[in-house]
Amino acid sequence: MHYVLRVSLPDTPGSLHALTDACRRAGADIRSLDVIEQSGGFAVDDVCVVVKNPMTLTEAVDEPEPFEALELATAPLGQTTSAVIVARRGGPRFVDRELRQLDLLAKVAVATEVAHTQRRPIERIEPSRRTAVRP
């Protein structure tokens, strides 16, 4: 499945390499990378990847230095291979209100897919989960 990751990395040599190495360990194929913004010593990039299990991306960012103290939340789309993943660096933790909003976003994504495909609709959406990635 295709996923677009929006990441904020230190604008220093090696940061992007750490990200691409994490994608490689997760078995993700990078299809495109767009620099969205550069300011304050950070760069915001959109990375389009193809990966079978998006949770492997979450696990892969556990080791590279640029991902220290990365707060992640996922909302599975009723399948083990599809999820909406959001992240922020340095906290704060995702609160219940944000997780509910993430669940709503997942439901909109599912409804949009069902409305535009002939496939059988996803019957169940699991609740969002949060996790902190720390060294």
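When K52 is tested against (1) over 14 Å from the mean Cα position of the chain (by Cα); (2) at pLDDT 80 or above; (3) of a type in the set (K, R), only condition (1) is not met.
Every residue, every condition in (1) assigned by TED's automatic domain parsing to the domain that holds M55; (2) part of a helix (DSSP H, G or I); (3) at pLDDT below 80; (4) aromatic (F, W, Y), yes or no:
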residue	(1), (2), (3), (4)
T74	no, no, yes, no
G78	no, no, yes, no
I85	no, no, yes, no
R100	no, yes, no, no
E113	no, yes, yes, no
I122	no, no, yes, no
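Could you please find all residues in the range 23-46 being farther than 18 Å from A73 by Cβ and either surrounded by 14 or more Cβ atoms within 10 Å (Cβ to Cβ) or in contact (Cβ under 8 Å) with a residue 40 or more places away in the chain (or both)? Of everything in the range 23-46, those that are farther than 18 Å from A73 by Cβ and either surrounded by 14 or more Cβ atoms within 10 Å (Cβ to Cβ) or in contact (Cβ under 8 Å) with a residue 40 or more places away in the chain (or both) turn out to be C23, R25, G27, A28, I30, L33, F42, A43, V44, D45, D46.
The values are calculated or read from the model by the stated rules, or taken from the named source; none is laboratory data. Nothing here was measured: the structure is a model prediction, and the numbers come from that model. Using ideal geometry, Cβ is built from the backbone for each residue, glycine included, and neighbour counts are taken over all protein chains shown.
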